[in-house]
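Chemist: Below is a structure I'd like to ask you about.
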Amino acid sequence: NIKALKCFNEALEVNKRCFGESHPTVAVTLNNIGTNLLIQGRYLEAKANIEQALAIDEQIFGKRHPSVITTLNNLG
């Protein structure tokens with residue numbers, strides 16, 4: 001849904017301003033954007049957003065955290 005994607009992108013900008021580029025909340029929003037793009041069939045854009053979320057999650061939580069596993073699932 002294009003309206004949802006617009007809201008997610010606005011939320012991403014606010015989250016980055018409030019929390020910084022590498023915060024878990026930013027990763028969640030990137031995951032939401034990626035999932036929305038997947039639904040729209042925009043696979044390359046979705047992959048880029050989910051990979052960015054994965055990098056943040058792995059940096060913060062390590063490779064065995066549930067958030068990382070969820071992000072890997074979305075990437076798959």
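The values are calculated or read from the model by the stated rules, or taken from the named source; none is laboratory data. Bear in mind the structure is a predicted one, so any value in this text is a computation, not a measurement. Please note: Cβ atoms are built from the backbone with ideal geometry, for glycine as well, and neighbour counts cover all protein chains shown. The protein model used for the area step is the full one, side chains on, heavy atoms only, and it has no ligands, DNA or RNA in it. Shrake-Rupley method; radii C 1.70, N 1.55, O 1.52, S 1.80 Å.
Chemist: What list of ³J(HN,Hα) couplings, whole Hz, do you get for the range 38-54 from phi and the Karplus terms 6.51, -1.76, 1.60, once you set θ to phi - 60° and write x for glycine and proline?
Modeler: For the range 38-54, the Karplus curve yields 4, 4, 7, x, 9, 5, 5, 5, 4, 4, 4, 5, 5, 5, 5, 4, 4 Hz.
Chemist: Leaving out same-chain residues fewer than 8 places away, which lysines sit with a Cα under 28 Å from that of Lys63?
Modeler: The reachable lysines, counting only those whose Cα sits under 28 Å from Lys63, are Lys16, Lys47.
Chemist: Let me ask another. Within the range 1-63, report the trypsin sites (Lys or Arg not before Pro) that DSSP leaves as loop and that have at most 15 other Cβ atoms within 10 Å.
Modeler: Passing both the DSSP loop test and the Cβ count: Arg42, Lys63.
Chemist: Calculate what fraction, in whole %, of the accessible area of the chain sits on carbon and sulfur atoms when a 1.4 Å probe is rolled over the protein chains.
Modeler: Within the chain, the accessible surface is 58 percent carbon and sulfur.
Chemist: Under a Cβ-Cβ cut-off of 9 Å, what is the net charge of the residues other than His65 that fall near it, where Lys and Arg count +1 and Asp and Glu count -1?
Modeler: Residues close to His65 contribute a combined charge of 0.
Chemist: Counting just the Cα atoms, what span does the chain cover along each of its three principal axes? Round to the nearest Å and put the largest first.
Modeler: 32, 30, 16
Chemist: With each run of n ≥ 4 DSSP H residues scored as -39500 (n - 2.57), what mean residue ellipticity at 222 nm is computed for the chain after dividing by its residue count and rounding to the nearest 500 deg cm²/dmol?
Modeler: Numbers: 4 runs with 63 residues, N = 76.
Helix contribution divided over all residues of the chain: -27500 deg cm²/dmol.
Chemist: Something else: Starting with the highest mean, order 69-75, 25-31 by the number of other Cβ atoms within 10 Å, averaged over the residues of each peptide.
Modeler: Packing proxy ranking, top to bottom: 25-31, 69-75.
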